[in-house]
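Sharing a structure here in structure tokens format.
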Amino acid sequence: MTERLELRDATLREWDAVVLDSDRETGIVLDRSAFYPGGGGQPPDHGVLLWGGVQTRVVDVRRGDDQYLVPADGDPLPPVGTPVRGALEDERRTALMRTHSGLHLLSGVVFRDFGALVTGSNMDPLSGRLDFNLEEVPPGFKEAVEAACNAEVEADRAIEAYELDRDDAFAIPDVIRTATNLLPPGIEVVRIVDIKGLDIQADGGTHVASTRQIGPMRVVKVENKGKGFRRIRVSLEG
Ligand SMILES: [Zn+2]
């Protein structure tokens, strides 16, 4: 199995690895990888593998029994056993870390100030949306949410990722509140992403280290998608 370097250090952008499997159709498997494979609304990383004086661009990651890096059409394929230097496309990953963190911040603010729970999410670099279970939208809601988000960005709260035993994790009320789907029974250790004092959830994505690194947030739109179903779209500065 690929060792997931990005889960321990979201700032890592370059590393050495060895090719374990290599196939034009299924993709490339490394022994160690910092490519986020996608999940929890955060899309996969892009980047490159450097080896033998050539490069293989990685344009997608497929998840299955392991993670398979998808090579760009026509790029050379490193044979099994090749030492490679992996490198992530920093601009995309950093934008996704800020966006993902911004959505956690939004989730914390809307629960604290309006009592609404998240029911879905999606993101691209520098824009994203969360769906909430919220019956009534009070006057000035959009402006109030935006102001509260930016106050939390300014507060520069620490964002920490750590692992807890399953029982300890689910003894935390906020972890239960924010769990959008139940964990499979076999999982003993839960990765937690904690915006200190604002939002805590079980999460596998990559995040920045403090809320100020998210930068100014704009609430672009609040959409009414049906009874009790509101969609909030946010954007960040490039
Ligand atoms: Zn998340």
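The values are calculated or read from the model by the stated rules, or taken from the named source; none is laboratory data. Predicted model, so just to flag it, every value in this text is computed and none were measured. Virtual Cβ from ideal backbone geometry, glycine too; neighbours counted across all protein chains shown. Side chains are part of the model used for accessible areas, which takes the heavy atoms of the whole protein and leaves out ligands, DNA and RNA. Shrake-Rupley method; radii C 1.70, N 1.55, O 1.52, S 1.80 Å.
Go ahead and run the numbers for FRET between Asp90 and Ala155, Cβ-Cβ distance against an R0 of 22 Å, rounding to 0.05.
Efficiency, from the Cβ-Cβ distance: 0.25.
Specify whether the C-alpha gyration tensor of the stretch 82-238 places it in the rounded, prolate or oblate class, a ≥ b ≥ c being the square roots of the eigenvalues: rounded for a/c under 1.5, otherwise prolate if a/b is larger than b/c and oblate if not.
Cα axes put the stretch 82-238 in the oblate bin.
What's the FRET efficiency of Leu12 with Lys221 using the Cβ-Cβ distance as r and R₀ = 25 Å, to the nearest 0.05?
Plugging the Cβ-Cβ distance into 1/(1 + (r/R0)^6) gives 0.15.
Using a 1.4 Å probe, what is the accessible area per residue for the chain, in Å²?
That works out to 48 Å² per residue.
At a 1.4 Å probe, what is the % contribution of carbon and sulfur to the accessible area of the stretch 86-129?
47 percent
On to the next question. What nm value, rounded to one decimal, do you get for the distance between Phe170 and Asp66 when each label is placed 7 Å out toward the C-beta?
So the label points at Phe170 and Asp66 sit 3.1 nm apart.
For the Cα atoms of the chain, what angle does the longest principal axis make with the long axis of helix 90-114, in degrees from 0 to 90, nearest 10?
20 degrees
In addition: Would you mind classifying the stretch 181-234 by shape? Square roots of the alpha carbon gyration tensor eigenvalues, ordered a ≥ b ≥ c; an a/c under 1.5 is rounded, otherwise it is prolate if a/b is larger than b/c and oblate if not.
Cα axes put the stretch 181-234 in the oblate bin.
If packing is taken as the mean number of other Cβ atoms within 10 Å per residue, what is the order of 54-61, 153-160, 101-108, highest first?
With the highest mean Cβ count within 10 Å placed first, the list reads 101-108, 54-61, 153-160.
If you don't mind, another one. Using Cα-Cα distances under 8 Å and only pairs 6 or more residues apart, what relative contact order does the stretch 64-188 have, in percent?
19 percent
I'd like the Karplus ³J(HN,Hα) series for the stretch 165-175: coefficients 6.51, -1.76, 1.60, θ = phi - 60°, whole numbers in Hz, and an x wherever there's a Gly or Pro.
The phi angles translate into 4, 3, 5, 5, 4, 7, 8, 8, x, 5, 5 Hz.
How high is the relative contact order of the chain, given as a whole-number percent (alpha carbon pairs under 8 Å, six or more residues apart)?
19 percent
Could you run the Karplus curve 6.51 cos²θ - 1.76 cosθ + 1.60 with θ = phi - 60° over the stretch 144-150 and give me ³J(HN,Hα) per residue in whole Hz, x for Gly and Pro?
Values, residue by residue: 5, 5, 4, 5, 5, 4, 5 Hz.
So what J values fall out for the stretch 125-134 if you push phi through Karplus, 6.51 cos²θ - 1.76 cosθ + 1.60 with θ = phi - 60°, rounded to Hz, Gly and Pro as x?
x, 6, 8, x, 9, 10, 9, 10, 8, 9
Quick check on the chain: helices-only [θ] at 222 nm, where DSSP H runs of length 4 and up contribute -39,500 (n - 2.57) each and the sum goes over total residues. Nearest 500, please.
-6500 deg cm²/dmol
Could you name the aspartates and glutamates whose alpha carbon sits less than 14 Å from that of Lys221, not counting residues in the same chain fewer than 8 places away?
Partners within reach: Asp131, Glu143, Glu146.
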